[in-house]
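Here is the structure we will look at, set down as structure tokens.
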Amino acid sequence: MDIHTFINNWIETSNTFDTNKYLDFYLPDAVLDDTSVGRKFIGHKEIKDYFDSYFIGYNTNTEIVQLEILDEYHAHSEVEFEGDFPEGKIGGTFEFTFKNGKISYLKADLIH
């Protein structure tokens with residue numbers, strides 16, 4: 001698995017708001033832990049709700065600022081979010097854990 005290509009494709013899909021394609025990047029029982037909203041989203045249904053609320057709902061466009069591949073199962077990314085939310089533009093981070101070529105765990109946070 002080429003993690004760099006995978007993450008770039010994941011970001012590109014996120015920016016097109018294609019929910020089904022976005023969910024395909026995650027294992028069915030994946031966990032998305034967004035500390036900035038204080039909640040873990042478990043499985044495709046909850047991750048879909050998260051994506052609908054925070055990405056589609058706020059018309060969020062994400063751009064990679066820095067990507068560090070730590071090993072074959074982990075990566076760290078700094079990003080910039082731009083959308084229809086009060087800040088207009090804000091930084092964030094993603095900590096990825098991969099299993100079987102998909103995201104098994106994703107920790108998301110905003111940089112304040």
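Data for the structure
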read-out	value
Residue selected from the range 68-93 under the condition in a strand (DSSP E or B) and touching a residue at least 60 places away in the same chain (Cβ under 8 Å), by the criterion farthest from PHE6 (Cα to Cα)	VAL79
Residue that is under 12 Å from the mean Cα position of the chain (by Cα), modelled with pLDDT of 95 or more and exposed (fewer than 15 other Cβ atoms within 10 Å of the Cβ), where the choices are GLU80, GLU68	GLU80
Subset of the range 90-102 that is within 19 Å of GLU63 (Cβ to Cβ) and in contact with a Phe, Trp or Tyr (Cβ under 7 Å, 6 or more places away or on another chain) - its residue that is surrounded by the most Cβ atoms within 10 Å (Cβ to Cβ)	GLY92
Test: residue in the range 38-45 that is over 19 Å from GLY91 (Cβ atoms) and in contact with a Pro (Cβ under 8 Å, 6 or more places away or on another chain)	yes
Enumeration of residues in the range 1-32 that are loosely packed, with under 12 Cβ neighbours inside 10 Å and of a type in the set (A, V, I, L, M, F, W, C)	MET1
Candidate set: the range 5-49, residues that are aliphatic (A, V, I, L, M) and touching a helix residue (DSSP H, G or I) at 6+ places or on another chain (Cβ under 7 Å); chosen: the one farthest from GLU80 (Cα to Cα)	ALA30
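The values are calculated or read from the model by the stated rules, or taken from the named source; none is laboratory data. Predicted model, so just to flag it, every value in this text is computed and none were measured. Backbone-built Cβ (ideal geometry, glycine too); neighbour counts: all protein chains shown.
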